[in-house]
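Take a look at the structure set out below.
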Amino acid sequence: MQLSGRKRDNLAGPLIRSESLSFFPIYCTFKRIVKNDFKISPCRYIHTGAADEYRPIAEIVEELNALEEEAKNTDAALNEILKRIGI
C-alpha cells in the first residue's frame with residue numbers, strides 16, 4: 001500500500017522535523033535512548049497530547065476547607081430534620 005504525497009507528508013513531516021503527533025510515537029534518537037539508560041518503555045516515547053496540570057496546593061486546601069464547612073452545614077440540617085421526625 002502506498003500513501004499519497006499529502007498523506008505521506010502529514011505523517012513523515014513531523015518526524016523529519018523531530019516533532020510529535022498526538023498518540024503517535026515521537027522521534028527518538030539513539031542519543032536520547034542512551035541518556036535514558038537504554039530504557040525504551042513506550043511511556044517515555046509516546047506523546048499523549050496532554051500535559052499534566054497541577055493545581056496549587058493552597059487552592060486545593062482552600063477548596064477542601066470550603067467542602068468541610070459545607071459538610072458541617074449539611075450534617076446540621078440533616079440532624080435538624082431527623083430531630084423533627086423523631087429519629
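Only a single item in (1) surrounded by 10 or more Cβ atoms within 10 Å (Cβ to Cβ); (2) outside any helix (DSSP H, G or I); (3) at pLDDT 75 or above is not met by ILE87, and it is number (1).
Kindly establish whether ILE33 is among the β-branched types (Val, Ile, Thr), touching a strand residue (DSSP E or B) at 6+ places or on another chain (Cβ under 7 Å) and at pLDDT below 85. Judged against the criteria, ILE33 is not a match.
The values are calculated or read from the model by the stated rules, or taken from the named source; none is laboratory data. Computed from a predicted structure; not experimentally measured. When we count neighbours, we look across all protein chains shown, and the Cβ atoms used for this are built from the backbone with ideal geometry, even at glycine.
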